[in-house]
1. Among 120, 140, which is in contact with a helix residue (DSSP H, G or I) (Cβ under 8 Å, 6 or more places away or on another chain), more than 16 Å from the ligand (Cβ to nearest atom) and among the small types (Gly, Ala, Ser)?
2. Out of 33, 22, I need the residue that is within 17 Å of residue 138 (Cα to Cα), assigned to a loop (DSSP other than H, G, I, E, B) and not polar (S, T, N, Q). Which one?
3. Would you point out which residue out of 262, 201, 239 is under 21 Å from the mean Cα position of the chain (by Cα), modelled with pLDDT of 95 or more, within 24 Å of residue 34 (Cα to Cα) and not charged (D, E, K, R)?
4. Quick check on my filter: what residues within region 230-279 are in a helix (DSSP H, G or I) and touching a residue at least 12 places away in the same chain (Cβ under 8 Å)?
5. Determine if region 167-180 includes at least one residue that is surrounded by fewer than 19 Cβ atoms within 10 Å (Cβ to Cβ), away from the ligand (no atom under 15 Å from the Cβ) and either outside any loop (DSSP other than H, G, I, E, B) or of a type in the set (Asp, Glu) (or both).
6. Would you pick out the residues in region 1-33 that are more than 16 Å from residue 93 (Cβ to Cβ) and touching a Phe, Trp or Tyr at 6+ places or on another chain (Cβ under 9 Å)?
7. Restricting to region 181-206, count the residues that are in contact with a Phe, Trp or Tyr (Cβ under 9 Å, 6 or more places away or on another chain) and near the ligand (Cβ under 10 Å from one of its atoms).
8. Please work out which residue is farthest from residue 189 (Cα to Cα), limiting yourself to region 1-48 and to residues that are among the aliphatic types (A, V, I, L, M) and free of Cβ contacts under 8 Å to residues at least 24 places away in the same chain.
Amino acid sequence: MEIVTSVRDMKARSRAWRKQGLSVGLVPTMGFLHPGHGSLVERSVLENSRTVVSIFVNPTQFGPGEDLESYPRDRDRDAAYMKSLCANVLFMPEPGEMYPPGFATYVEAPELGLRLCGASRPGHFRGVCTVVLKLLNAASPDRAYFGLKDAQQFFILRRMARDLDLDTSMVPCETVREEDGLAMSSRNSYLTPEERAVAPLLRKGLLAAEAYFRDGGREALKACAVVSETLAAEPRFSLDYAEAVAACDLRPVSRVSSETLLACAARLGRARLIDNIIFDPSGPSRKGRGGRPCW
Ligand code: AMP
């Protein structure tokens, strides 16, 4: 596995691979890698001849007062982990490489980027879209892999790829969880042992909302209330939002269906945890033309 730090070198590697007719997969990350990231890399290694993993803690997606400085980092451990999964290149540019002096162009996501997490993190998805477009340009992948833990991020990036006519296929991957249901996240390292013990309540709330749906409940407000009521049992949790939206366009819905994404974010100590559920992912009404999911 090679470590590449400049956009120029990354482009040269990718160009050479293309000349040889090799397919390329990209897994963009912010590092402090865990098996959730690992699952994306494994899939890319299976589906492509070459896999690039990028590690870049992107300053433009952090707002003032957020955790840019304290975001966990462990480059040596990350490199050993990615080598063990047979990634070919670890692309680790410095901030000055991605945003040189005079940098002045951004990708906006005005519709989808203002909802859910975008409401409490202004500018976040502008930063995400901008950096992912730059990473896609650097690596020129056939496929790029994203986790559905960050469902809003995936749907926004897929929209960007469609709107800007990108050649890369954006691939959604299932959320990988700890045994007690907590979605794996680099930010889980912020939790104290006491907070970690109660953290799975977020997932429990979502599963309770799913049970409400399975039992025939269809009111979106009620489904969201199930999540907030579950979290209310633990005073250390402070709910940011629980919202039911259409998975295809993230518009709020009043009635839930098999295509509803119930997304939530909550603060627990220093951590802001996010999680979501798409009701009944195997349900027949989610099949569009050709048997593919509508979203
Ligand atoms: P991050 O390093 O947190 O920016 O995440 C990089 C990529 O890994 C994003 O596409 C995330 O959605 C994905 N990811 C993070 N955690 C998980 C997880 N628990 N399961 C699956 N994918 C994940």
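The values are calculated or read from the model by the stated rules, or taken from the named source; none is laboratory data. All figures in this text were calculated on a predicted structure; none of them were measured in a lab. Heads up, the Cβs are rebuilt from the backbone with ideal geometry, glycines too, and the neighbour counts pull from every protein chain shown.
1. Numbers: 120 fails: in contact with a helix residue (DSSP H, G or I) (Cβ under 8 Å, 6 or more places away or on another chain).
Testing whether each residue is in contact with a helix residue (DSSP H, G or I) (Cβ under 8 Å, 6 or more places away or on another chain), more than 16 Å from the ligand (Cβ to nearest atom) and among the small types (Gly, Ala, Ser) leaves just 140.
2. After applying the criteria, what remains is 22.
3. Exactly one of 262, 201, 239 is under 21 Å from the mean Cα position of the chain (by Cα), modelled with pLDDT of 95 or more, within 24 Å of residue 34 (Cα to Cα) and not charged (D, E, K, R), namely 201.
4. Correct list: 230, 231.
5. yes
6. Passing the criteria: 23, 24, 25, 32, 33.
7. Result for region 181-206: 2.
8. 16
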